[in-house]
1. Taking the condition within 12 Å of LEU215 (Cβ to Cβ) and surrounded by 18 or more Cβ atoms within 10 Å (Cβ to Cβ), does LEU262 pass?
2. Report, by residue number, each residue of segment 248-277 that is hydrophobic (A, V, I, L, M, F, W, C), closer than 23 Å to LEU372 by Cα and not in a loop (DSSP other than H, G, I, E, B).
3. Under 9 Å between Cβ atoms, which residue pairs at least 6 apart in sequence (or on different chains) link something in segment 115-134 that is under 24 Å from LYS145 (Cβ atoms) with a partner that is charged (D, E, K, R) and at pLDDT below 90?
4. If the requirement is being assigned to a helix (DSSP H, G or I), surrounded by 15 or more Cβ atoms within 10 Å (Cβ to Cβ) and either in contact with a Lys or Arg (Cβ under 8 Å, 6 or more places away or on another chain) or not aliphatic (A, V, I, L, M) (or both), which of these qualifies: ARG114, ARG151?
5. What is the residue count in segment 305-322 for residues that are within 32 Å of the chain's Cα centre (by Cα) and either in a helix (DSSP H, G or I) or over 15 Å from ALA191 (Cα atoms) (or both)?
6. Only one residue in LEU128, LEU120, LEU61, LEU92 is assigned by TED's automatic domain parsing to the domain that holds THR33, at pLDDT 85 or above and hydrophobic (A, V, I, L, M, F, W, C). Which one?
7. Looking at ALA200, ALA183, can you tell me which residue is part of a helix (DSSP H, G or I) and either in contact with a Pro (Cβ under 7 Å, 6 or more places away or on another chain) or without any contact (Cβ under 8 Å) to a residue 40 or more places away in the chain (or both)?
8. Go through (1) in contact with a strand residue (DSSP E or B) (Cβ under 6 Å, 6 or more places away or on another chain); (2) modelled with pLDDT of 90 or more; (3) surrounded by 15 or more Cβ atoms within 10 Å (Cβ to Cβ) for THR21 and report which single condition fails.
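The values are calculated or read from the model by the stated rules, or taken from the named source; none is laboratory data. What you see is a predicted model; the values in this text were computed from it and never measured. Note: ideal-geometry Cβ built from the backbone for every residue, glycine included; neighbour counts use all protein chains shown.
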Amino acid sequence: MTLTVKAVDAAKPREKAYKLTDAHGLYLFVSTTGAKSWRANYTTGGKQKTRTYGLYPAVSLADARKAHASAREGAPAEVVAPTFETVARDWLKAKLPTLSNGKHQIQVENTLERYAFPLLGSRPINALPRSELVAVVRAAQAGGKIETGHRVASRISAVFDFAQDTGLLQQHGAAGLTRVLIARKTKKPMASIPAEEAGALMRAIDAYEDSVTRLGLQLLAHTFVRVGELRGMLWGELKEKGAVWVVPEVRMKMRIPHVVPLSRQAQAILATLRKMSGDGSLVLDSPIHPGHPLSENTFLFALYRLGYRGRMTAHGFRALASTVLNEQSGFPHDVIERQLAHKETDAVRAAYNRAEYLTQRRALMQWWSDWLDSATRGEG
């Protein structure tokens, strides 16, 4: 039974790629991303090969049949490969839904529209030599736009990989385009003290004169969250009678809610802050600008005043916790990574009620606070 346009349109992606047969060996290949390409297998020199006629709907069912008939008769198949922009748009349809950050989605699409489509968009994807791709990515990097060049190269390569995966190309010359670019600058890690100096730091923080900043630094040390997540902390974000803090997605780097089990020590710090905040909604209310959180550099400047300039940053508590937990705690690496919010669940309810490893994470956070207390006392 031959295919119909209705059947081709109705073909949906599945967990594994599959094909729908037409006639005389022609078939529609449906990839896991939903891309549909016309193909036919043939044998030459004792080896089976695959001929590709194009991507649907750019190449219609009728056009695919004509091309296949010509190929079977030995005549050159008049197949017009889809343009780079056509393939890129199909790639975007498959790629963008996998990106949780809306800003990132826009950035990915805009990169292609601004730098790739003007020069490559109208050209058949099988007619673009590597030399032209190199020229495009180098132009994108001109004027010191190092990162932009790398992004353009990465996305062009991804489009060509998609074309190959969907059968439009047997091979391509877009791999490793970043090799022709100026290398990205390696970011220096945020300064963080070694584990053996943690006790001295905590004792210095305990003696800091400003009470809100002191308590904020202590809470940052015990929770090792990002500074922006802590600065905006609201009393209404506490759950389980103050034993759990759910950071909303708007303050998370990955834009996904994050669960922070609170140790006994962290809860005690919060109890002190509660007495100071009165009826305010902010946990760390600025004493200089009531109703606003502590400024972004408050913690960093406090560490400067304590003599840790160049040796410790507010973000450094995350590095300190990660090092100690991975080397000394005995907790699985996946549990530690989840608590560092390097990956989380995808909804508030899931983040709170079914957060991965939550039982182990409660124990981990208590272990960490106990370790900090022990270091502060000069033990171990």
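1. Considered against the rule, which asks whether it is within 12 Å of LEU215 (Cβ to Cβ) and surrounded by 18 or more Cβ atoms within 10 Å (Cβ to Cβ), LEU262 comes out as no.
2. Across segment 248-277, the qualifying residues are VAL259, VAL260, ALA266, ALA268, ILE269, LEU270, ALA271, LEU273.
3. What qualifies is GLU132/ARG123.
4. Going through ARG114, ARG151 in turn, just one is assigned to a helix (DSSP H, G or I), surrounded by 15 or more Cβ atoms within 10 Å (Cβ to Cβ) and either in contact with a Lys or Arg (Cβ under 8 Å, 6 or more places away or on another chain) or not aliphatic (A, V, I, L, M) (or both): ARG151.
5. Matching residues across segment 305-322 total 7.
6. LEU61
7. Values: ALA183 fails: part of a helix (DSSP H, G or I).
The unique qualifying residue is ALA200.
8. (3)
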